[in-house]
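Trainee: Pasting in a structure now, in structure tokens, and then I'll have a few things to ask.
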Amino acid sequence: MNQSATPPEEKKTDNSPPVKTVNWQDFRDHIATADQSGGRKWMYPRKVSGRFVRWRTWFSWLLLFIMFAGPFVTIHGNPLLLLNLVERKFVVLGQIFWPQDMIIFAIALLVCAVSIVVFTTAFGRLWCGWACPQTVMMEMVFRKIEYAIEGDAPRQRELNRAPWSSEKIFKKALKHALFFALSFIVGNILLSYIIGWRELWQIITAPPARHFVGLGFMTGFSLLFYGIFARFREQACTFICPYGRLQSLLVDENTILVAYDHKRGEKRGPLRRAQKFGERRYAGFGDCVACNQCVTVCPTGIDIRNGVQMECVQCTACIDACDAVMDKVGSPRGLIRYASLNGIERHEPLRFTPRMAGYTVVLAGLAAALALMLFLRSDVEATVLRAPGSLFQQMPDGRFSNLYTVRLVNKTSREMPVELRLESPAGSLQVMGAGNLVLPSQKASQSSVLIELDASAMKSGTTPLVIDVYSNGKKLDTLKTAFIGPRN
Ligand code: SF4
Ligand code: SF4
């Protein structure tokens, strides 16, 4: 979405930090966080207040609470979320998923991917501004600590330019110590989503030599997050995150985004003293007073008046900044607001477009498949194979036997007694070396099973076998295999 706008006539407000007025259209040639030679331009977004920042703050507290409490919440003794890639064990909402459930996981990932597509087509990068952990941690935690220690943007710029003094050393040391401590906590929270908080606690409390790898990950995650939040910052969104780049494929003229109403705002120009808005209109000016406040608060350094840009994380800071300006100059709020291009150009409300309908149909199909697979998912996963290297045997009574290996995975968090019954043909099934099969919780076990058939029940060569798996009288699974016998 690109908006036509007249070249700006910029002015610097008395209290705003110096903002370089860039050549019109120059924004297309380079990103806002890099200078013409490609070097990093450090962003000093001004502190902003307003209704959106207030709502986002409350929502962030809720998300942070969920994120930090998540590893300690259990459902039926299982964690809320555990993604243990090393042991290939995954727990979602207390449900354990094993490598055997990979198809469910693959479909769940597809559902997530299509949901993102549908959501982005309708609402743009709403996720980035409101719920992305990177934005929430950066803007609501680390940035606030920085404001508290170093002050608002002009003070930060001043401090960075100032020679080293005891005050500067104290502020920088305090800020980075807090940043590292928080990064350590965030890194440990992430690790507890991977290995579980109990294992993490063991790593913390046991002698270091016993958990060398775990300690390595702990240190690595802490340094990674410290690097991201102390230095890399908005670059994670503009350079690394693929979602922002996908945006250009997914948004269209009906997508709701944080947008500047160029029809109302242009032609922009400073508001002269005692000038009324009616007079401005008469002189051909729009509502934008070219104060640059929307630019000074932007954490990615862009000018929203240039239209939708990949760097915009939809953080709404420019909405609050502009609303405050509109309040001051006595013009209605919403010069920058959530709107679609069609909403701005033609005053159209959000429409359910054919593209959204198509994505929604695909999403509904995938979600239904996922729900069905979850519904049909058994508590026990069983596989049967003929014991490698074994041949059929003829017993003294004339019956034939084959040896099998049955592998059982108990996916639940409770012990399960399991019984194997030969369903067809008639014959006998005996689990070797065990009277009763009891599967420990969340564990896999393997047993040798001997099956004997009467010659009369057998076909020449190969006889199909059906084995049912029961627990407490309830059938959990049916296994099919072949019984090898002599050819007639
Ligand atoms: S804050 Fe509003 S009035 Fe000021 S430059 Fe931005 S869009 Fe124009
Ligand atoms: S343009 Fe506005 S919404 Fe987008 S990142 Fe900048 S301040 Fe946030």
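Trainee: If you take the residues in region 337-373 that are under 30 Å from residue 287 (Cβ atoms) and of a type in the set (Lys, Arg), which one is modelled with the highest pLDDT?
Mentor: 337
To keep it simple, each residue is scored yes or no on (1) open to solvent by 40 Å² or more (accessible area, probe 1.4 Å); (2) closer than 22 Å to residue 91 by Cα; (3) touching a Pro at 6+ places or on another chain (Cβ under 9 Å); (4) among the acidic types (Asp, Glu).
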site: 199; (1), (2), (3), (4): yes, yes, no, yes
site: 206; (1), (2), (3), (4): no, no, no, no
site: 212; (1), (2), (3), (4): yes, no, no, no
site: 218; (1), (2), (3), (4): no, yes, no, no
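Trainee: Within region 394-404, take every residue that is open to solvent by 30 Å² or more (accessible area, probe 1.4 Å) and touching a Leu at 6+ places or on another chain (Cβ under 8 Å) and give me the one that is nearest to residue 470 (Cα to Cα).
Mentor: The qualifying residue nearest to residue 470 (Cα to Cα) is 403.
Trainee: Going through 118, 91 one at a time, which residue ends up being aliphatic (A, V, I, L, M), assigned to a helix (DSSP H, G or I) and surrounded by 15 or more Cβ atoms within 10 Å (Cβ to Cβ)?
Mentor: Matching residue, one of 118, 91: 118.
Trainee: Now, a different point. Restricting the search to region 225-258, which residues are open to solvent by 40 Å² or more (accessible area, probe 1.4 Å) and part of a helix (DSSP H, G or I)?
Mentor: 226, 231, 232, 239, 240, 242, 245, 246, 248, 249, listed by residue number.
Trainee: Report, by residue number, each residue of region 155-174 that is touching a residue at least 24 places away in the same chain (Cβ under 8 Å) and surrounded by fewer than 19 Cβ atoms within 10 Å (Cβ to Cβ).
Mentor: Scanning region 155-174 gives 157, 160, 174.
Trainee: Could you tell me whether any residue of region 340-363 is in a strand (DSSP E or B) and either under 30 Å from residue 102 (Cβ atoms) or open to solvent by 10 Å² or more (accessible area, probe 1.4 Å) (or both)?
Mentor: Scanning region 340-363 turns up no residue that is in a strand (DSSP E or B) and either under 30 Å from residue 102 (Cβ atoms) or open to solvent by 10 Å² or more (accessible area, probe 1.4 Å) (or both).
Trainee: Also, I was wondering about something else. Can you name the residue in region 277-307 that is charged (D, E, K, R) and away from ligand 2 (no atom under 16 Å from the Cβ) and, of all such residues, is farthest from residue 57 (Cα to Cα)?
Mentor: The extreme case among them is 279.
Trainee: Sticking with this structure for a sec: Tell me the residue from 78, 84 that is buried (at least 17 other Cβ atoms within 10 Å of the Cβ) and over 22 Å from residue 311 (Cβ atoms), please.
Mentor: Among 78, 84, only 78 is buried (at least 17 other Cβ atoms within 10 Å of the Cβ) and over 22 Å from residue 311 (Cβ atoms).
Trainee: Just to be sure, is residue 104 farther than 27 Å from residue 187 by Cα and either touching a strand residue (DSSP E or B) at 6+ places or on another chain (Cβ under 9 Å) or open to solvent by 30 Å² or more (accessible area, probe 1.4 Å) (or both)?
Mentor: Taking the combined requirement at face value, the residue satisfies it.
Trainee: Which of the residues belonging to region 288-335 are charged (D, E, K, R) and either touching a strand residue (DSSP E or B) at 6+ places or on another chain (Cβ under 7 Å) or near ligand 1 (Cβ under 9 Å from one of its atoms) (or both)?
Mentor: 303, 305, 323
Trainee: Can you pull out every residue in region 417-454 that is buried (at least 17 other Cβ atoms within 10 Å of the Cβ), outside any strand (DSSP E or B) and in contact with a Gly (Cβ under 8 Å, 6 or more places away or on another chain)?
Mentor: none
Trainee: Whether any residue in region 308-317 is away from ligand 2 (no atom under 14 Å from the Cβ) and either surrounded by fewer than 22 Cβ atoms within 10 Å (Cβ to Cβ) or of a type in the set (Asp, Glu) (or both) is what I want to check.
Mentor: Checked region 308-317: no residue is away from ligand 2 (no atom under 14 Å from the Cβ) and either surrounded by fewer than 22 Cβ atoms within 10 Å (Cβ to Cβ) or of a type in the set (Asp, Glu) (or both).
Trainee: Six or more apart or on different chains, Cβ atoms under 7 Å: show the pairs whose first residue is in region 238-259 and without any contact (Cβ under 8 Å) to a residue 24 or more places away in the chain and under 23 Å from residue 42 (Cα atoms) and whose second is among the small types (Gly, Ala, Ser) and within 16 Å of ligand 1 (Cβ to nearest atom).
Mentor: Final answer for the pair search is none.
Trainee: I'm trying to understand the selection: among the residues of region 455-478, which are of a type in the set (Gly, Ala, Ser) and either open to solvent by 40 Å² or more (accessible area, probe 1.4 Å) or without any contact (Cβ under 8 Å) to a residue 24 or more places away in the chain (or both)?
Mentor: Of everything in region 455-478, those that are of a type in the set (Gly, Ala, Ser) and either open to solvent by 40 Å² or more (accessible area, probe 1.4 Å) or without any contact (Cβ under 8 Å) to a residue 24 or more places away in the chain (or both) turn out to be 455, 456, 460, 473.
Trainee: So, one more: Which of the following residues is at pLDDT 90 or above, assigned to a loop (DSSP other than H, G, I, E, B) and on the phi < 0 side of the Ramachandran plot: 308, 313, 325?
Mentor: It is 313.
Trainee: Hey, could you check region 318-330 for residues that are open to solvent by 10 Å² or more (accessible area, probe 1.4 Å) and touching a helix residue (DSSP H, G or I) at 6+ places or on another chain (Cβ under 6 Å) and say which is nearest to ligand 2 (Cβ to nearest atom)?
Mentor: That would be 318.
The values are calculated or read from the model by the stated rules, or taken from the named source; none is laboratory data. Just so you know, these numbers come straight off a predicted model, no measurement behind them. A quick note on method: Cβ atoms are made from the backbone with ideal geometry, for glycine too, and the neighbour counts reach across all protein chains shown. These accessible areas exclude ligands, DNA and RNA; they are computed on the full protein's heavy atoms, side chains included. Shrake-Rupley method; radii C 1.70, N 1.55, O 1.52, S 1.80 Å.
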